[in-house]
Every structure is written in C-alpha cells, then in structure tokens.
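Below is one structure, written out as structure tokens; the observations come after it.
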C-alpha cells in the first residue's frame with residue numbers, strides 16, 4: 001500500500017508492464033472484503049481510476065504510476 005496521500009484521478013503505468021498487480025481498497029485490514037476492485041496485467045499498460053472514497057491503493061510489480 002502507498003504510504004502517502006494519492007490524489008483521486010486516472011493513473012497509468014508505462015507500456016510494457018509485466019506482472020503488475022493493483023487493488024483499490026476500502027480498508028487496510030488486508031482482508032478480502034476490503035478490495036473494491038483489482039487487476040493483473042500480464043503485458044501492456046495498466047489504467048486505474050482512483051476514487052475520492054478509496055482508502056488506499058495497493059500495487060506490486062507495476063513500476064511507476066503517472067497521473068493523467
């Protein structure tokens with residue numbers, strides 16, 4: 001999970017991301033029910049819209065995210 005504030009909005013990874021997992025979550029307990037939505041990118045580019053109501057954003061293997 002991120003350890004700093006993330007502005008709501010649209011974020012993308014660089015093209016060519018491989019093995020990228022991301023999740024928008026409603027809590028930080030680590031429990032399955034906290035996941036609002038998630039995804040896994042085998043190849044390509046991830047695109048995520050972070051809502052104002054999301055509590056946190058979890059990411060692994062994605063590299064840098066850029067706001068759009």
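Each reported figure results from applying straightforward, stated rules to the coordinates on display, with no laboratory input. Keep in mind that what you see is a predicted model, and the values were worked out from it rather than measured. Neighbour counts are summed over all protein chains in view; Cβ atoms, including those assigned to glycine, are modelled from backbone coordinates with ideal geometry.
Some notes on this structure:
- Test: residue in segment 25-36 that is touching a strand residue (DSSP E or B) at 6+ places or on another chain (Cβ under 6 Å), under 16 Å from residue 64 (Cβ atoms) and surrounded by 14 or more Cβ atoms within 10 Å (Cβ to Cβ): no
- Selection of segment 48-64 for residues being surrounded by 12 or more Cβ atoms within 10 Å (Cβ to Cβ) and farther than 13 Å from residue 8 by Cα yields 58, 59, 61, 62, 63.
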